[in-house]
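Bear in mind these aren't lab numbers, they're just calculated from the coordinates by the rules spelled out. Just so you know, these numbers come straight off a predicted model, no measurement behind them. A quick note on method: Cβ atoms are made from the backbone with ideal geometry, for glycine too, and the neighbour counts reach across all protein chains shown.
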Amino acid sequence: MRRTVIAVALAVGLLLPVGTCLAYNFFDGNDWNRLDTYGLAPAEETQVKTMFLKTIYEVSLFNGAPLLKIDMAGAKLPQTYNADFTGYVGTLNTFYADLKNLGFPLFFALRVADLVKKGAPDAEVENYKTAIMMKLREQGLWK
């Protein structure tokens, strides 16, 4: 229960518009990787991250703007539904394994994961990352 409340609070925080978050410390790769430091088995770490992403998805879905591209037709099959989230976990783990991406906010990293999942060229992914970093710097949200 306590884990669920924390996950919901974090997910709601991720949904705040960027313009209103001037003093906000974004949930980024450092936080994502910190979820691996609680002495859990790898399968449990994946379950925690999957639950976290499901919470983000559900909150954004109720907000009317889903952050993740989940195949709702497959939602009737739990294996397919869970595989979508597990795919996001793997993509985000790979993304945040690169030290230069650690400060990239999770909110935007989810879009990077969508681009990777759909097979976008590396140049498109890099252009998106560059555009986001420039916008965050303009607003004083990125060093």
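Give the Rg/Rh ratio for segment 79-143, taking Rg as the radius of gyration of the Cα atoms and Rh as the Kirkwood radius, to two decimals.
Here the Rg-to-Rh quotient is 1.01.
Using the count of nearby Cβ atoms within 10 Å as a rough guide to exposure, how do K117, K100, K49 rank from fewest to most?
If I rank by nearby Cβ atoms, fewest first, I get K100, K117, K49.
For each pair in K54/K100; K69/K100; K49/K69; K49/K135, compute the distance between the two Cα atoms and list the pairs where it is over 22 Å.
Flagged as over cut-off: K54/K100; K69/K100; K49/K135.
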